[in-house]
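Step one of this worksheet: look at the structure below.
The values are calculated or read from the model by the stated rules, or taken from the named source; none is laboratory data. All values derive from a computational prediction rather than experimental measurement. Ideal geometry is used to build each Cβ from the backbone, glycine not excepted, and the neighbour counts take in all protein chains shown.
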Amino acid sequence: MSSGFEPRDPDYERRVLGSFARQGLLATFAARLETIEPGMVEIHVPFSTGLTQQDNFFYAGS
């Protein structure tokens, strides 16, 4: 899925990966980058009871 967005930095993917790797909270969530495209990233977070509310639903911000 292409956004048609043209990045100013041709090395944007390396920069996104580096920034993502420095995000401690995302590591705590066991988040992973699934897709990196100009103008869009897709981040997946696996279900964990540690990220649920009292009714066992994911927190909206997770």
- Restricted to the range 17-32 and to residues being without any contact (Cβ under 8 Å) to a residue 24 or more places away in the chain and assigned to a loop (DSSP other than H, G, I, E, B), the residue farthest from Pro7 (Cα to Cα) is Ala30
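Listed here are the residues, each with its yes/no results for (1) in a helix (DSSP H, G or I); (2) over 29 Å from Gly4 (Cα atoms).
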residue	(1), (2)
Arg15	yes, no
Glu34	no, no
Ile43	no, no
Asn56	no, yes
- Item | Hey, Ser62 at pLDDT below 90, surrounded by 10 or more Cβ atoms within 10 Å (Cβ to Cβ) and either not aliphatic (A, V, I, L, M) or not in a loop (DSSP other than H, G, I, E, B) (or both) or not | yes
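Table: residues versus (1) at pLDDT below 95; (2) in contact with a strand residue (DSSP E or B) (Cβ under 8 Å, 6 or more places away or on another chain).
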residue: Ser19; (1), (2): no, no
residue: Gly24; (1), (2): no, no
residue: Arg32; (1), (2): no, yes
residue: Pro38; (1), (2): yes, no
residue: Phe57; (1), (2): yes, no
- Item | Verdict on Arg8 being modelled with pLDDT of 90 or more and either outside any loop (DSSP other than H, G, I, E, B) or touching a strand residue (DSSP E or B) at 6+ places or on another chain (Cβ under 7 Å) (or both) | no
- Of residues in the range 21-57 being surrounded by 11 or more Cβ atoms within 10 Å (Cβ to Cβ), more than 30 Å from Arg8 (Cα to Cα) and not hydrophobic (A, V, I, L, M, F, W, C), the one nearest to the chain's Cα centre (by Cα): Thr28
